[in-house]
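Written out below as structure tokens is the structure these notes cover.
The values are calculated or read from the model by the stated rules, or taken from the named source; none is laboratory data. Just so you know, these numbers come straight off a predicted model, no measurement behind them. Cβ: placed from backbone, ideal geometry, glycine included. Neighbour counts: every protein chain shown.
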Amino acid sequence: MASQTEAFGRYPSLVDRHILVTGGGSGIGASIVEALVAQGARVSFIDIDADASAVLCDALSDARHRPVFRQVDITDITAFQGAISDLEQQLGPIRGLVNNAANDTRHLTEDVTPEFWRKAFAVNLDHQFFAAQAVAEGMAKAGGGSIVNMGSISWRVGMAGMPAYVSAKSGIEGLTNGLARELGPKKIRVNCLTPGFVRTARQVELWLTPDLEREVFDSQCLQEYIEPQYVANMVTFLLSEDSRMCTSGVFPVHAGWI
């Protein structure tokens, strides 16, 4: 990963800047952590998987700043916001937030209960608002910053088999626009990133079949898989001062699916 990361852009404004990533222990989140560490940022991340997160931290131990991990259930808002406060005390004000954590477990309409629906929104949407709420004051006092909310093209292309997930993901774009308007006067930018099918280990293990592969390449303009690094590249740009006048936007990384 190091050699691949080195081939992409460098953002001096991210050096020594404290960036928080949710769901940073594996998949797209781990790639975002790696990319930010390579930029010289002070990276903290929250995840529920302690083993994978420890492996990631050890792999990045020789970096300018070793990432700092907290094991937290993001649906426990009190514990979640408490961990964010602790990380601010340890590493300084959070100047960038990546709301990446999510769970795209497949489910059928007839099987959804009120409890399942509420849990799906808690793990895919609610925490994004409460993370932004937790960092906004400190970010503003530090001179501003950038929040990146991870959306999805799933609801735009009408993906079946996960109605609660696509509903929650659609709400992220509305949340992004509302927060951008409210936090803009505080020099806080808020944007949404919408990935397509990203070839993570989870996607390969659980969902990638020959039929899905054909669907992906029939739908995309670019005939290659989206690797997690390409999503991380867009995230680092949106966190950096190079995107200083970008806010309330939806930035696609879907290889032309839509």
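You will find that of 229, 203, 220, the residue that is surrounded by 16 or more Cβ atoms within 10 Å (Cβ to Cβ), out of contact with any strand residue (DSSP E or B) (no Cβ under 6 Å at 6 or more places or on another chain) and under 17 Å from residue 104 (Cα atoms) is 203 and no other. For the condition in contact (Cβ under 8 Å) with a residue 60 or more places away in the chain and part of a strand (DSSP E or B), residue 176 does not qualify.
Each row is one residue, and each column tells you yes or no for (1) touching a residue at least 60 places away in the same chain (Cβ under 8 Å); (2) in contact with a Gly (Cβ under 8 Å, 6 or more places away or on another chain); (3) of a type in the set (Gly, Ala, Ser).
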| position | (1), (2), (3) |
| --- | --- |
| 184 | yes, no, yes |
| 201 | yes, yes, yes |
| 213 | no, no, no |
| 221 | no, yes, no |
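Taking the criterion of being among the polar types (S, T, N, Q) and in contact with a Cys (Cβ under 7 Å, 6 or more places away or on another chain), the residues of the stretch 153-205 that qualify are 176, 191.
Does residue 140 meet the test of being surrounded by 20 or more Cβ atoms within 10 Å (Cβ to Cβ), in contact with a helix residue (DSSP H, G or I) (Cβ under 7 Å, 6 or more places away or on another chain) and either of a type in the set (Gly, Ala, Ser) or part of a helix (DSSP H, G or I) (or both)? So residue 140 fails the test.
Please verify whether residue 25 is in contact with a strand residue (DSSP E or B) (Cβ under 6 Å, 6 or more places away or on another chain) and of a type outside the set (S, T, N, Q), treating the condition exactly as stated. Yes; evaluated as a whole, the condition is true for this residue. Looking across the stretch 61-109, the residues that are among the β-branched types (Val, Ile, Thr) and within 19 Å of the chain's Cα centre (by Cα) come down to 68, 72, 74, 75, 77, 84, 94, 98, 105. Taking the listed residues 181, 214, the one that is more than 22 Å from the chain's Cα centre (by Cα), of a type outside the set (A, V, I, L, M, F, W, C) and either surrounded by fewer than 13 Cβ atoms within 10 Å (Cβ to Cβ) or closer than 30 Å to residue 244 by Cα (or both) is 214, with no other qualifying.
Of the strands (runs of 3 or more DSSP E) lying entirely inside the stretch 23-121, those carrying at least 2 residues that are of a type in the set (A, V, I, L, M) are 42-47, 96-99.
Scan the stretch 220-237 for residues that are polar (S, T, N, Q), modelled with pLDDT of 95 or more and farther than 22 Å from residue 176 by Cα and the total you get is 1.
Conditions (1) of a type outside the set (D, E, K, R); (2) within 24 Å of residue 52 (Cα to Cα); (3) under 16 Å from the mean Cα position of the chain (by Cα); (4) modelled with pLDDT of 95 or more, marked per residue:
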| site | (1), (2), (3), (4) |
| --- | --- |
| 156 | no, no, no, no |
| 160 | yes, no, no, no |
| 176 | yes, no, yes, yes |
| 197 | yes, yes, yes, no |
| 202 | no, yes, yes, no |
| 218 | no, no, no, no |
